[in-house]
Amino acid sequence: MLMNKVVIVTGGSRGIGAATSLLLAQQGYRVCVNYRTRQQDAEAIVSQIDQAGGIALSYQADVTDPNQVDQLFNRTREIFGEVTHLVNNAGILFPQSQLKDISLERFQTMMNGNLMSCFLCCKTFIHQNTLGGAIVNVSSIAARTGSPFEYVDYASTKGAMDSLTKGLSLELTKDNIRVNAVRPGFIHTDIHADGGEPNRVEWLAPQIPMKRGGDPAEVAQSIAWLLSDEASYVTGSFVDIAGGR
Ligand code: NAP
């Protein structure tokens with residue numbers, strides 16, 4: 001069992017990443033709340049953690065950039081010690097479009113934002129880790145559905161993330177590092193405004209078996225469980241958090 005648990009949550013300034021940062025800090029992790037643009041929001045999460053007696057720092061890094069990923073891990077390690085846990089949560093979504101109208105540039109940006117970032121953070125995590133630990137990748141049920149007529153580019157990145165999760169989990173069993181993923185469905189966050197539909201979760205709720213969208217804190221609970229010692233025999237697994245979808 002690791003005594004000093006240090007976690008980087010990518011994209012911790014809002015939504016699922018913010019909820020996950022708060023929960024992991026409550027559970028005793030030292031948390032690096034990574035963000036790309038929303039400094040104030042990330043700092044507000046760190047203040048909330050401080051006030052509750054937890055330990056956290058915020059760190060600006062674009063996780064699509066290898067140098068910035070190195071700096072993110074180096075700084076976290078300098079302040080808190082070896083990074084033992086990683087949540088690859090940072091992600092982007094663009095307005096709805098059919099594949100035939102998606103530009104090459106948009107597709108590449110999507111791959112970089114959702115998949116390359118995960119690859120870079122996993123690789124950097126592995127190189128600095130000696131103690132073992134766990135990684136959780138935040139995928140999506142879009143990996144299963146393909147999101148036709150809306151977000152095939154996004155869904156493709158999440159499908160590839162699932163393959164990465166499976167393959168990497170098997171590579172790392174010898175190093176005592178578990179790798180799993182969560183696949184959220186419709187969760188109440190601001191990402192849907194970026195996708196062109198701020199009220200997406202509300203209007204789709206009747207089509208969800210449980211008749212409601214999910215809360216970021218409900219996703220955070222599954223992420224925290226997969227990172228924890230309670231999930232010590234779980235690797236290469238996927239938890240759908242989608243109200244029955
Ligand atoms: P969100 O509210 O839009 O938050 C996204 C976070 O990612 C922000 O903190 C953002 O930072 C950060 N980010 C984006 N690109 C980054 C980069 N290159 N480097 C560093 N940080 C970056 O999204 P969310 O809804 O919480 O989603 C979180 C994850 O869950 C994503 O991977 C998403 O695909 C997945 N997911 C969400 C849903 C849903 O319904 N909400 C469903 C399935 C899967 P800044 O704000 O500082 O720029």
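Hey, any idea what % of region 1-95's accessible area is carbon plus sulfur with a 1.4 Å probe?
Percent of accessible area from carbon and sulfur atoms in region 1-95: 43.
Using amide H atoms built 1.01 Å from N in the peptide plane, name the residues 5+ places from Arg178, or on other chains, whose amide H lies under 5 Å from its own.
Gly133, Ala134, Ile135
How large is the accessible surface per residue of the chain, computed with a 1.4 Å probe and reported in Å² as a whole number?
46
Arrange the peptides 186-195, 115-124 so that the one whose residues have, on average, the most other Cβ atoms within 10 Å appears first.
Order by mean packing, descending: 115-124, 186-195.
Net charge within 12 Å of Asn4 by Cβ-Cβ distance, Lys/Arg positive one each and Asp/Glu negative one each, not counting Asn4 itself?
+2
Using label points projected 7 Å from each Cα along Cα→Cβ, tell me how many nm separate Asp175 and Gln48, to one decimal.
3.2
If you roll a 1.4 angstrom probe over the protein chains with everything in place, what fraction of the accessible area of region 115-245 belongs to carbon and sulfur, to the nearest %? List each step's numbers first, then the result.
Values: 3310 of 5820 Å².
Of the solvent-accessible surface of region 115-245, carbon and sulfur hold 57 percent.
If you add up the charges near Gly113, with Lys and Arg at +1 and Asp and Glu at -1, over every other residue whose beta carbon is less than 13 angstrom from its beta carbon, what do you get?
Counting the neighbours of Gly113, the net charge comes to -2.
Can you count the Lys pairs in the chain whose Cα atoms are under 29 Å apart, with each pair 8 or more apart or on different chains?
For the chain, qualifying lysine pairs total 12.
Highest mean first, what order results for 134-142, 104-112 on Cβ atoms within 10 Å?
Top to bottom by mean Cβ count within 10 Å: 134-142, 104-112.
Suppose every K and R has +1 on its Cβ and every D and E has -1 on its Cβ; what is the size of the dipole of the chain about the Cα centre, in Debye to the nearest 20?
380
With label points built 7 Å along Cα→Cβ from the Cα atoms of Ser232 and Asp101, find their separation and express it in nm.
Each label point lies 7 Å from its Cα, and together they span 5.3 nm.
The values are calculated or read from the model by the stated rules, or taken from the named source; none is laboratory data. Bear in mind that the values here come from a model prediction, so they are computed numbers and not experimental data. Every residue, glycine as well, gets a Cβ built from its backbone with ideal geometry; the counts of neighbours run over all protein chains shown. The accessibility values were calculated without ligands, DNA or RNA, using every heavy atom of the protein model including side chains. Shrake-Rupley method; radii C 1.70, N 1.55, O 1.52, S 1.80 Å.
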